[in-house]
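The structure appears below as structure tokens.
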Ligand SMILES: Cc1cc2nc3c(=O)[nH]c(=O)nc-3n(C[C@H](O)[C@H](O)[C@H](O)COP(=O)(O)OP(=O)(O)OC[C@H]3O[C@@H](n4cnc5c(N)ncnc54)[C@H](O)[C@@H]3O)c2cc1C
């Protein structure tokens, strides 16, 4: 009988740099015994997969256990003419484009769409974001979302909320989008269209039913809090497991799975602590925990701290005094429930809040701590100092 080994499908661009098919055992030293096969995997049975290589050849492999880590891909909304348009780009393709589009239309006002709107507005493109929701980033704190919207519009980004795109057609050297809004139909010309209408997990292509693995309605692999799938020998991690689509989640999922094989298996998606994230706007928007609205919905009695970024000395040193910091505290215990920082260097500051939340340190720890000067994080003294 063939010897079986654990197999991982996917795994974030760890293939050979030249993308060579069948260059299987490359760089053994770096991977210490791990063979990396650069091909596309799909299940043939519970313990069997087929790997198909770029040159059309394929091979079958068997394993006792499988770890799915195949990520996600952009969702292409069913808009007439979009797929055929020579001016439509995914985020990856737009980054590879060498010429700056004078007019950029972005389909989708989610995190990726907004990041690109911010970058391309800074580069000098005329950016229009088309979003079918009426509300701007509805999952974020309403006050902080307003501050983000002000910053984008001040840089010339046009936000078309509540607008549906009916069709796209190429005309000469540009694309024409037909929008439907409450005011009726209108046309918008663009030199490039970024399709940023969300990402879908790469689950379906793996032929998972052959292995007894169930998918959710959105095509993610169904997992429990230990990231176990419906098949006892298969786990899923990262974007394909249907949770938050952030880089820090994928390696943390590994921290949940590894102890099930080699440790006490106690870490789960429920007890791993807070997951902060950042939307890399200019300045970045970083968040951890609950918004004020969410805390109120959960019946917390809250205290709310606010600080304009313009009140932070370091923000002036950086010449980036735009934005707003907001934190929500449980009035009964003094524990931090959440924080939303739209300011320069917020991507690092938010990790301090996460640490306090996980360690159950009261907000006074940040209010009264001695922080290095001049830094953005010293503003936490002032932010929490505003609370009575
Ligand atoms: C434009 C953009 C900006 C982003 N910015 C941020 C950010 O600032 N911060 C952040 O935290 N996150 C960001 N993200 C999200 C982040 O990139 C993902 O959450 C993260 O890469 C997911 O990691 P993963 O390990 O699940 O999958 P991936 O890193 O996507 O790796 C999956 C791998 O599996 C391979 N694969 C897929 N199907 C198969 C198959 N059938 N057989 C074999 N291999 C397969 C894929 O080719 C890929 O190499 C961004 C995403 C995008 C698109």
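Coordinate-derived values only; no laboratory data. Given the structure is predicted, the values throughout are model-derived calculations rather than measurements. Here Cβ is always computed from backbone atoms with ideal geometry, including for glycine, and neighbour counts include all displayed protein chains.
Couple of notes before you dig in:
- Eigenvalues of the alpha-carbon gyration tensor of the chain, scaled by 5 and square-rooted, set the equivalent ellipsoid semi-axes at 38, 32, 19 angstrom, largest first.
- Computed extension length for residue 155-residue 359: 69.5 nm, one decimal, from 0.36 nm per residue of separation with the Cα-Cα distance subtracted.
- Size of region 310-388 as Cα extents on the principal axes (Å, biggest first): 37, 22, 22
- Nitroxide proxy distance, nm - points 7 Å out along Cα→Cβ at residue 73 and residue 164: 2.7 nm
- Within the chain, DSSP assigns beta bridges of which about 70% are antiparallel (rounded to the nearest 5).
- Per-q log10 I(q)/I(0), region 227-276, q = 0.16, 0.18, 0.31 Å⁻¹ (Debye; single scatterer per alpha-carbon; no solvent): -0.42, -0.53, -1.35
- Debye log10 I(q)/I(0) for region 59-209, one point scatterer per Cα, at q = 0.15, 0.21 Å⁻¹: -0.80, -1.38
- Taking other Cβ atoms within 10 Å as a rough exposure proxy, 85, 167, 286, 291 sort from fewest to most as 167, 85, 291, 286.
- Top of 212, 289, 242 by mean-square fluctuation, Gaussian network on the chain, Cα under 10 Å: 212
- q = 0.11, 0.15, 0.21 Å⁻¹: log10 I(q)/I(0) that the Debye formula gives for region 204-326, counting C-alpha atoms only: -0.58, -0.86, -1.16
- The chain, helix-only ellipticity at 222 nm - DSSP H runs n ≥ 4, -39,500 (n - 2.57), divided by all residues, nearest 500: -6000 deg cm²/dmol
- Working from label points 7 Å from Cα in the Cα-to-Cβ sense, the residue 48 to residue 80 distance is 4.7 nm.
- Binning the C-alpha pair distances of region 51-142 at 10 Å intervals from 0 yields a P(r) profile of 12, 34, 26, 16, 11, 1 %, listed from the shortest bin outward.
- Over region 137-181, the reciprocal of the mean inverse Cα-Cα separation, the Kirkwood hydrodynamic radius, stands at 12.8 Å.
- Efficiency of FRET from Cβ geometry, residue 311 and residue 370, R₀ 25 Å, rounded to 0.05: 0.85
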